[in-house]
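To start, the structure under review is shown below, and the notes come after it.
The values are calculated or read from the model by the stated rules, or taken from the named source; none is laboratory data. All figures in this text were calculated on a predicted structure; none of them were measured in a lab. A quick note on method: Cβ atoms are made from the backbone with ideal geometry, for glycine too, and the neighbour counts reach across all protein chains shown.
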Amino acid sequence: MKEEIRKDLLKVLEKVVPALRSEDSRELKWLSNNTIHNAGIFQDRDSVSLAVILYSLSKIFERPRLYDQPILQEMKKEVLQSLNYAKTNLKRKDEKVFRLEVKKILKRISVFEKKIGKYITEVLQQAKIKKGGRIYEHGLSVGMSAQIMGISKWELMDYLGATKVSEVTDEVSRLKSRLVNARRMFNL
């Protein structure tokens, strides 16, 4: 793992624990978007996995009907323990244990899903698709974005077609083209 990625993940993990304790879904979603930035630049699986976890947790805590479920508090406690352990091992540069903890968290969310119902399965899948869209926004191809997220190109293209992302990308391309032309005109 690159040192820059490790440091960024540590910064995110420092903020995740308080956000998760307070069940702040907006902060978790913001941290997820922040984390996916690395995935778009460096194409690393660690950032992708953490972004999916954070986005999934944000969606879980957006649902008031789940608050009364004792299993939610149990899952939250276990995820907090794993996040702290992952953070400690990432500080020690023990990537193997860090990745094991991340897998454990993903598995814990899946177990929670099976006990609560289909909703969470959809959340995990939608998190991957949405984060694939964010990676695409960073300039990677649909194929590469889908591959990084472990989803099919068709799922990602379906999502992108339903959003305005492709139109924004075209607008950015036009702006870049205009900037290049302006620089050429003024010899910059």
Seminar exercise, completed: Filtering region 67-85 for residues that are loosely packed, with under 15 Cβ neighbours inside 10 Å and within 19 Å of residue 7 (Cβ to Cβ) leaves a count of 1
Seminar exercise, completed: Scanning region 39-60 for residues that are in contact (Cβ under 8 Å) with a residue 40 or more places away in the chain and either of a type outside the set (A, V, I, L, M) or in a loop (DSSP other than H, G, I, E, B) (or both) gives 40, 42, 43, 44, 45, 46, 47, 49, 55, 56, 59
Exercise. Has region 47-66 got at least one residue that is more than 30 Å from residue 143 (Cα to Cα), surrounded by 16 or more Cβ atoms within 10 Å (Cβ to Cβ), in contact with a Lys or Arg (Cβ under 8 Å, 6 or more places away or on another chain) and small (Gly, Ala, Ser)?
Worked result: no
Exercise. Name the pairs whose Cβ atoms lie under 8 Å apart, with the first residue in region 142-154 and within 12 Å of residue 130 (Cα to Cα), the second at pLDDT 80 or above and surrounded by fewer than 15 Cβ atoms within 10 Å (Cβ to Cβ), and 6 or more positions between them or separate chains?
Worked result: 146/152
Exercise. How do the pairs read when you match residues in region 81-100 that are under 16 Å from residue 48 (Cβ atoms) with residues anywhere that are outside any helix (DSSP H, G or I), using Cβ under 7 Å and keeping only pairs 6 or more apart or on different chains?
Worked result: 95/1
Problem set entry | Leading residue by the ranking (modelled with the lowest pLDDT) among those in region 117-155 that are over 13 Å from residue 48 (Cβ atoms) and part of a loop (DSSP other than H, G, I, E, B) | 117
